[in-house]
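Novice: I have a structure I would like to understand better, so I am pasting it below and will then ask my questions one at a time.
The values are calculated or read from the model by the stated rules, or taken from the named source; none is laboratory data. Not measured: the values here are computed from a predicted model. So basically every Cβ, Gly included, is an ideal-geometry build from the backbone, and we count neighbours across all protein chains shown. Accessible surface is based on the protein model in full, side chains and every heavy atom, while ligands, DNA and RNA are left aside. Shrake-Rupley method; radii C 1.70, N 1.55, O 1.52, S 1.80 Å.
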Amino acid sequence: METATTGSISQPVQRGPANSSDYETFLKMLTVQMQNQDPLNPVEASDFAAQLANFSAVEQQVLTNDLLTSIEARLASTGVSQLAGWVGMDVLSHAPVYFESGEISAELSESPYADRRELVVRDADGVEVYRAIVPFEAETVTWNGDLTTGASADPGLFRLEVEDFTGDNLLGAETLALHSKVREARIGASGVELHLEGGAVTRAEDVLGVRMPI
């Protein structure tokens with residue numbers, strides 16, 4: 001609260017909301033402009049109306065921006081709370097999977113035109129480290145960490161693919177969907193980013209399935 005002084009008497013002046021104060025200030029300025037205009041060349045009434053309309057439009061835009069900022073803050077808060085639901089879950093995606101020990105299994109799709117199918121395992125750099133024939137009757141494929149060299153794979157990220165052949169001709173290669181545990185979820189430039197075990201990253205919209213950790 002501030003005081004306005006008239007003579008030797010100080011009187012309190014109540015201040016309203018900022019937008020209301022700005023609007024009142026504009027009206028006072030408009031009144032002064034009307035009082036001090038040239039009588040021989042007065043400002044058209046339409047010009048005053050235009051000024052008033054312009055100020056009202058600006059004021060409305062300010063209110064709209066404040067509302068959008070408030071909505072954005074609420075959405076951001078809600079988004080962060082939803083991120084927590086991803087953490088610790090096993091998600092199915094085409095991102096590389098972290099292998100340390102045990103086995104990695106994936107479901108296979110049908111390939112009616114192929115007469116040979118081969119499992120290909122690639123490391124984080126995309127280098128092939130293992131290849132094996134896949135039986136046609138198989139509905140799933142499993143890799144236990146074996147390498148073409150006969151050694152066992154060190155812990156790291158790997159991607160499983162299936163290549164389909166007819167004779168010696170490659171029909172196509174399919175990256176298999178694998179389950180990985182979500183270690184962290186973030187809101188990134190492209191939406192929700194899921195940071196998986198071992199350092200792989202996938203977008204939430206690319207997830208094919210979610211399950212409780214096993």
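Novice: Considering segment 81-99 alone, what residues qualify as being outside any strand (DSSP E or B), at pLDDT 90 or above and farther than 17 Å from residue 206 by Cα?
Specialist: Correct list: 88 only.
Novice: Quick one: would you say residue 160 is under 17 Å from residue 93 (Cα atoms) and either of a type in the set (Phe, Trp, Tyr) or open to solvent by less than 50 Å² (accessible area, probe 1.4 Å) (or both)?
Specialist: When the stated conditions are applied, residue 160 passes them.
Novice: Could you grab the pairs with beta carbons closer than 9 Å, sequence gap of 6+ or different chains, first residue in segment 59-80 and at pLDDT 55 or above, second one open to solvent by 60 Å² or more (accessible area, probe 1.4 Å) and not in a helix (DSSP H, G or I)?
Specialist: From segment 59-80, the pairs are 76/187; 79/187; 80/187.
Novice: Where in segment 140-184 are there strands (runs of 3 or more DSSP E), lying fully within it, with 3 or more residues that are more than 27 Å from residue 112 (Cβ to Cβ)?
Specialist: 156-166
Novice: Mind telling me which of the residues 96, 135 ends up being of a type outside the set (A, V, I, L, M, F, W, C) and open to solvent by 60 Å² or more (accessible area, probe 1.4 Å)?
Specialist: None of the others qualify; the one that does is 135.
Novice: Which of the residues spanning segment 99-128 are loosely packed, with under 14 Cβ neighbours inside 10 Å, over 14 Å from residue 145 (Cα atoms) and touching a residue at least 40 places away in the same chain (Cβ under 8 Å)?
Specialist: Our first condition is that a residue be loosely packed, with under 14 Cβ neighbours inside 10 Å; within segment 99-128, this holds for 100-103, 107, 109-110, 112-113, 115, 125-128.
Within this subset, residues satisfying the condition of being over 14 Å from residue 145 (Cα atoms) are 107, 109-110, 112-113, 115, 125-127.
Passing the criteria: 107, 109, 113, 115.
Novice: Conditions: (1) farther than 21 Å from residue 91 by Cβ; (2) charged (D, E, K, R); (3) surrounded by 13 or more Cβ atoms within 10 Å (Cβ to Cβ). Residue 197 meets all but one. Number of the miss?
Specialist: The number of the failed condition is (1).
Novice: Just to verify a result, which residue in segment 148-157, among those that are farther than 16 Å from residue 97 by Cβ and of a type outside the set (Ser, Thr, Tyr), is surrounded by the most Cβ atoms within 10 Å (Cβ to Cβ)?
Specialist: Initially, segment 148-157 is screened for residues farther than 16 Å from residue 97 by Cβ, giving 148-152.
From the residues that got through so far, the ones that are of a type outside the set (Ser, Thr, Tyr) too are 150-151.
On the way: 150: 6, 151: 10.
Once the filter is applied, the top-ranked residue is 151.
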